[in-house]
Amino acid sequence: MTETALRISRGIFRFLLPILAIGQASAEPSVETRARTEQGTPAERDILIEPNGAVANAGWALGRLNTGGCMSNCSFVYPETSAPVRLYLIDTGVAHTTTWFAQNTNLKSFRSELIRANGDPTTSSVTAHGTQMLSLIAGPETGAAVGTPIHVVNYNIYPGNSTSTTLGRLQMAIIEAIDDHTTNPVKMPAVLCIANSSTYQATSSFLESLIDEAVEAGITVVVSAGNQKSNAANYIPSSYGTKPGVICVGATGTDNNPWVEGNIGTNTGTPVDLYAPGQNVWTVNPTNPQPGNYGSANGTSPASALTAAAALIQLSINPLLHPDEVEDALTETAYAPVAARGAEATALVQVLPDPEGDSDLDGASDIIESFFGSNPANSSVLPAPMTIARVGGQAQLSFRVSSDLFNPATPFVLTDGSTWKVRVSGNLQDWQDATGTLVPGTAADGVIPMTYTVSNGASKVFLRIDVTPPPGQ
């Protein structure tokens, strides 16, 4: 069984190809609406060599997450990350989990719990808002973190058919999330997304203590700033955005200015850490989910959902980040327009597909496409997949290299000054340079087929190709 994926870090661009021999594999969690035990080890499976996914026409909001200052950008390249993460979505219920959302194979599991106070109905029929928020995080076509393995726990705090809820239910949901995170046998980093807030000025010492407890437990908390066109410090939970590890999100319009429509608009002020798109944001159509059939959302709710997606991506890249480090990472990579608005500047959340340029926005970085003889300027052309074969105690890796870059006299130093190597590991943690034999084939159509043979009889052997840009790039 083979898998393929890409790892990129510190200027080294890596294709990772593990060879997995016979072994035990647990069942991969599925998307479902009933509570269940999430599996800790997904089943081994074949996947394509695609370092990042791309949505060609993702609407202005997702495009702005990739390139904050490109006002005409409507493409979105999402990073393919590998470490599983958990989302606690405190909202309405979520519909279409076994149909529409199941099309995203990275949505590893879903369960929903109804939060009820005494006398509350035992069911809930309110699902539109939660469905739209999840679609912005992990939905096909509209999800910013669609390339990240996510386990979702939905706490529905809207029993019956009411579109309003209470502070008490919100607090109970946070308690449930903390308990699940601290006692769940499957440990993974988590983000708690609260895309709802008080509509009247309020404070709550108990809610504040619960948010503190969530952060102390290692949960990154994302809250919406609110839509009162006022100071976020006067509302809850937005007022707690001043705390490290609590990310309060305001909304911007299509012009990158704070979103305002008539007598409503994004709250601003000291608690607001970051901004994200919040005007006419494409979501799943909650009543009729179909390809290209979008709904839309305004306000700080979609902005906070997009930011929660960015936080999940950060945690999947580095699961050891503490909540305040997640906030720092998003702040450091944010796009901040030069013009300040009063005492504030709208720093837009960014989702970086990879540290190298991607000229055609097809999800494969330019250096990777060049190395494998693809076309960095043509989004319809992706690198050809590598293949693997076991021959006795040897592993044979087959791939193609651009004939313009390959120099037989210095096979591991390319004509543009880039270098490359094959590395080997038995556990995906300890890597060393592979010792093997490279056999070039006959050049054709601008590429040279290559076979790299490694002698290794271990039950598990992981191989990867590292491409390092020329010095100074």
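Data overview
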item	result
P149 in contact with a helix residue (DSSP H, G or I) (Cβ under 9 Å, 6 or more places away or on another chain), surrounded by 18 or more Cβ atoms within 10 Å (Cβ to Cβ) and over 30 Å from I317 (Cα atoms)	no
Cβ-Cβ under 8 Å pairs, at least 6 apart or on other chains, region 93-105 side β-branched (V, I, T), far side in a loop (DSSP other than H, G, I, E, B)	V94/T127; T97/E32; T97/T33; T98/E32; T98/T33; T99/P289
Of the criteria (1) under 21 Å from the mean Cα position of the chain (by Cα); (2) not in a strand (DSSP E or B), which one W282 fails	(2)
G68 being at pLDDT 95 or above, crowded, with 22+ Cβ neighbours inside 10 Å and in the same structural domain as D179 (by TED's automatic domain parsing)	no
Identity of the residue in region 162-202, in contact with a Phe, Trp or Tyr (Cβ under 9 Å, 6 or more places away or on another chain) and surrounded by fewer than 14 Cβ atoms within 10 Å (Cβ to Cβ), that ends up nearest to T123 (Cα to Cα)	S164
Meets criteria (outside any helix (DSSP H, G or I), within 24 Å of V85 (Cα to Cα), assigned by TED's automatic domain parsing to the domain that holds W60 and of a type in the set (S, T, Y)) for T220	yes
Subset of region 78-97 [touching a Pro at 6+ places or on another chain (Cβ under 8 Å) and under 25 Å from P323 (Cα atoms)]	Y78, P79, E80, T81, S82, A83, P84, V85, R86
Top-ranked residue in region 340-359 [being more than 29 Å from W259 (Cα to Cα) and surrounded by fewer than 21 Cβ atoms within 10 Å (Cβ to Cβ); ranked as modelled with the highest pLDDT]	S359
Test result for W420, surrounded by 15 or more Cβ atoms within 10 Å (Cβ to Cβ), free of Cβ contacts under 8 Å to residues at least 40 places away in the same chain, of a type in the set (A, V, I, L, M, F, W, C) and not assigned by TED's automatic domain parsing to the domain that holds A56	no
Residues of region 386-402 satisfying the condition of being buried (at least 17 other Cβ atoms within 10 Å of the Cβ) and assigned to a loop (DSSP other than H, G, I, E, B)	M386
Residue in region 118-134 that is surrounded by the fewest Cβ atoms within 10 Å (Cβ to Cβ), counting only those that are modelled with pLDDT of 95 or more and of a type in the set (S, T, N, Q)	T122
Check on I247, crowded, with 19+ Cβ neighbours inside 10 Å, at pLDDT 95 or above, part of a strand (DSSP E or B) and on the phi < 0 side of the Ramachandran plot	yes
Residue in region 287-294 that is β-branched (V, I, T), farther than 16 Å from H129 by Cα and either at pLDDT below 95 or surrounded by fewer than 24 Cβ atoms within 10 Å (Cβ to Cβ) (or both) present	no
Listing of strands (runs of 3 or more DSSP E) fully contained in region 47-160 that carry 3 or more residues being farther than 27 Å from V349 by Cα	107-114
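Okay, residues lined up against (1) farther than 19 Å from F371 by Cβ; (2) modelled with pLDDT of 90 or more:
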{"residue": "S398", "(1), (2)": "no, yes"}
{"residue": "P411", "(1), (2)": "no, yes"}
{"residue": "A444", "(1), (2)": "no, yes"}
{"residue": "N456", "(1), (2)": "yes, no"}
{"residue": "K460", "(1), (2)": "yes, no"}
{"residue": "L463", "(1), (2)": "no, no"}
{"residue": "T468", "(1), (2)": "no, no"}
{"residue": "P471", "(1), (2)": "no, no"}
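The values are calculated or read from the model by the stated rules, or taken from the named source; none is laboratory data. Predicted model, so just to flag it, every value in this text is computed and none were measured. Here Cβ is always computed from backbone atoms with ideal geometry, including for glycine, and neighbour counts include all displayed protein chains.
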